[in-house]
Amino acid sequence: MKNTPFTRIHEKLGAKMSPFAGYNMPIEYPTGIIAEHHTVCERVGVFDVSHMGEFWVRGSKALSYLQDLVSNDVSVLNVGQVQYNCLPNEEGGIVDDLLVYKVSETDYLMVVNASNIDKDWNWCKAHHAAGVSLENVSDQTAQLAVQGPKAGLALQKLTKVDLSAIPYYHFTYGTFAGIEHVLISNTGYTGAGGFELYFPNEVGETIWNAVFEAGAEFDIKPIGLGARDTLRLEMGFCLYGNDIDDTTSPIEAGLGWVTKFTPDKHFPSRAIFEKQKAEGVSKKRIGFEMLDKGIARHGFELTDASGRPIGHVTSGNISPVSKIGIGMGYVETAFSVVGKEIFVNVRGRLLKAQVVKMPFRK
């Protein structure tokens, strides 16, 4: 099991540690997931996301390579811009969801999910093209996600870069906490705003300590993966392996907006996705709120009023903000309409729920 540059710090702070994607990661700290969730929504919290994967794509053919690899249109990116994307497989499913950073006209950074680093890297190498250089720097790169409405105020103390001038889904390089060439990105998977910082492993503790000193006046706290999951669920963000996987298409998952069919794109499963977009799909990802008291867990069956199965839950929990049960799942398309009544089979009991528009947290 791998450690991040911050593992020793997490253990010293009393974090509950657990294996995740091959890494020893903090799930929660002594204050608990609910308190951590509210910390991010109301103030500022810090996530160790150094387990994520980073691949460099460089060369004169880097753009054309990516256009034939990922579903979104990378050609629209300007230098300093980030794009959410999908890596389609050959069978109409998703290898992974990821971020693409345009660093220069010939250099791009792909940020992939920790659980898929090896799978994604092998996929990228299998589709390697002339004029493209690939480099996997996942093991050398650390990452902190500093999230919440006070994140910018805290981090601004540590850099001369004007953080307020970095639009959402944009990034820049700058000196941060005395460390040169830190990638500062206005991104995150919490819906609470904030920045993600990329830097070499060896300066990890220096940056961690600086961030917590700068954020002390805002009651900054370390946050574990448990609250990261409840935060992304409230926003209706997909978690790979739960809400999307090798068997779900971007069209079924409601990710048609990152699936573009421009003439210069020839990514795997393009024909399948075009047909789905034109003709419709038999199932769709939905968000739902529980009307009856209960928690919809991953894998629970979704049914109609008679108990006939119509789909399944992919993510579910009690919303720390609204205090009611929320979830996502796939249902037959006829049941995907907002306001539709559905039922969750919780150990043989059919609990009433209603399809709602996401995000759950406005």
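The values are calculated or read from the model by the stated rules, or taken from the named source; none is laboratory data. Keep in mind that what you see is a predicted model, and the values were worked out from it rather than measured. Note that each Cβ is placed from the backbone with ideal geometry, even for glycine, and that neighbours are counted across all protein chains shown.
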Could you please find all residues in region 306-340 being in contact with a Cys (Cβ under 9 Å, 6 or more places away or on another chain), of a type outside the set (A, V, I, L, M) and outside any strand (DSSP E or B)? P320
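In the list L109, L155, L99, which residue meets the criterion of being touching a helix residue (DSSP H, G or I) at 6+ places or on another chain (Cβ under 9 Å) and closer than 22 Å to N201 by Cβ? It would help to see each step written out before you state the result.
Numbers: L109 fails: touching a helix residue (DSSP H, G or I) at 6+ places or on another chain (Cβ under 9 Å); L99 fails: touching a helix residue (DSSP H, G or I) at 6+ places or on another chain (Cβ under 9 Å).
Going through L109, L155, L99 in turn, the sole match is L155.
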Residues of region 71-90 satisfying the condition of being farther than 15 Å from H127 by Cβ and out of contact with any Leu (no Cβ under 7 Å at 6 or more places or on another chain): N72, D73, V76, L77, N78, V79, G80, Q81
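I'd like the full set of residues that are aliphatic (A, V, I, L, M) and in a helix (DSSP H, G or I), limited to region 1-23.
Answer for region 1-23, where residues must be aliphatic (A, V, I, L, M) and in a helix (DSSP H, G or I): just I9.
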Enumeration of residues in region 1-20 that are within 19 Å of T190 (Cβ to Cβ) and modelled with pLDDT under 95: none
Every residue from region 120-129 that is more than 18 Å from M52 (Cα to Cα) and either modelled with pLDDT of 95 or more or assigned to a helix (DSSP H, G or I) (or both): K125, A126, H127
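Residues that are closer than 25 Å to A114 by Cβ, in contact (Cβ under 8 Å) with a residue 60 or more places away in the chain and buried (at least 21 other Cβ atoms within 10 Å of the Cβ): does region 256-265 have at least one? Full working, then the answer.
To start, the set of residues in region 256-265 that are closer than 25 Å to A114 by Cβ comprises 257-259.
Going one step further and asking which of them are in contact (Cβ under 8 Å) with a residue 60 or more places away in the chain, we end up with 258-259.
From the residues that got through so far, the ones that are buried (at least 21 other Cβ atoms within 10 Å of the Cβ) too are 259.
Checking region 256-265: at least one residue is closer than 25 Å to A114 by Cβ, in contact (Cβ under 8 Å) with a residue 60 or more places away in the chain and buried (at least 21 other Cβ atoms within 10 Å of the Cβ).
If only one of T175, T247 is closer than 22 Å to V313 by Cβ, among the β-branched types (V, I, T) and either touching a Pro at 6+ places or on another chain (Cβ under 6 Å) or surrounded by fewer than 16 Cβ atoms within 10 Å (Cβ to Cβ) (or both), which one is it?
Details: T175 fails: closer than 22 Å to V313 by Cβ.
When all the criteria are applied, what remains is T247.
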Could you list, in sequence order, all residues of region 156-166 that are loosely packed, with under 13 Cβ neighbours inside 10 Å, in contact with a Gly (Cβ under 9 Å, 6 or more places away or on another chain) and in a loop (DSSP other than H, G, I, E, B)? K160
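Under the condition of being small (G, A, S) and surrounded by 23 or more Cβ atoms within 10 Å (Cβ to Cβ), which residue from region 205-237 is nearest to F288 (Cα to Cα)? Working first, answer last.
In the first step, residues of region 205-237 are kept if they are small (G, A, S); the result is 210, 214-216, 224, 226-227, 236.
From what's left, surrounded by 23 or more Cβ atoms within 10 Å (Cβ to Cβ): 215, 224, 227.
Numbers: G215: 36, G224: 25, A227: 20 Å.
So, considering only residues that are small (G, A, S) and surrounded by 23 or more Cβ atoms within 10 Å (Cβ to Cβ), the one nearest to F288 (Cα to Cα) is A227.
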Set K352, K362, K340, K357: member being over 17 Å from G254 (Cβ atoms) and modelled with pLDDT of 95 or more: K352
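Just to be sure, is G325 of a type in the set (G, A, S) and either farther than 30 Å from L69 by Cβ or in contact with a Leu (Cβ under 6 Å, 6 or more places away or on another chain) (or both)? Steps first, answer last, please.
Numbers: of a type in the set (G, A, S): yes; either farther than 30 Å from L69 by Cβ or in contact with a Leu (Cβ under 6 Å, 6 or more places away or on another chain) (or both): yes.
Spelling it out, G325 is indeed of a type in the set (G, A, S) and either farther than 30 Å from L69 by Cβ or in contact with a Leu (Cβ under 6 Å, 6 or more places away or on another chain) (or both).
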Which residue is surrounded by the most Cβ atoms within 10 Å (Cβ to Cβ), if the candidates are limited to region 277-315 and must be touching a Lys or Arg at 6+ places or on another chain (Cβ under 7 Å) and farther than 20 Å from L255 by Cβ? L291
Tell me the residue from Y84, Y65, Y29 that is touching a strand residue (DSSP E or B) at 6+ places or on another chain (Cβ under 9 Å) and either under 26 Å from G254 (Cβ atoms) or surrounded by fewer than 19 Cβ atoms within 10 Å (Cβ to Cβ) (or both), please. Y84
So is G215 touching a residue at least 12 places away in the same chain (Cβ under 8 Å) and under 21 Å from L13 (Cβ atoms) or not? yes
Of the listed residues (G307, G299, G325), the one being closer than 28 Å to G93 by Cα and either touching a Phe, Trp or Tyr at 6+ places or on another chain (Cβ under 8 Å) or free of Cβ contacts under 8 Å to residues at least 60 places away in the same chain (or both) is G299
Among (1) surrounded by fewer than 17 Cβ atoms within 10 Å (Cβ to Cβ); (2) over 24 Å from the mean Cα position of the chain (by Cα); (3) in a strand (DSSP E or B), F343 falls short only on (1)
Would it be correct to say that L153 is surrounded by fewer than 19 Cβ atoms within 10 Å (Cβ to Cβ), aliphatic (A, V, I, L, M), outside any strand (DSSP E or B) and out of contact with any Leu (no Cβ under 6 Å at 6 or more places or on another chain)? yes
Go through region 24-69 residue by residue and tally those that are more than 19 Å from the chain's Cα centre (by Cα), of a type in the set (G, A, S) and either assigned to a loop (DSSP other than H, G, I, E, B) or on the phi > 0 side of the Ramachandran plot (or both). 3
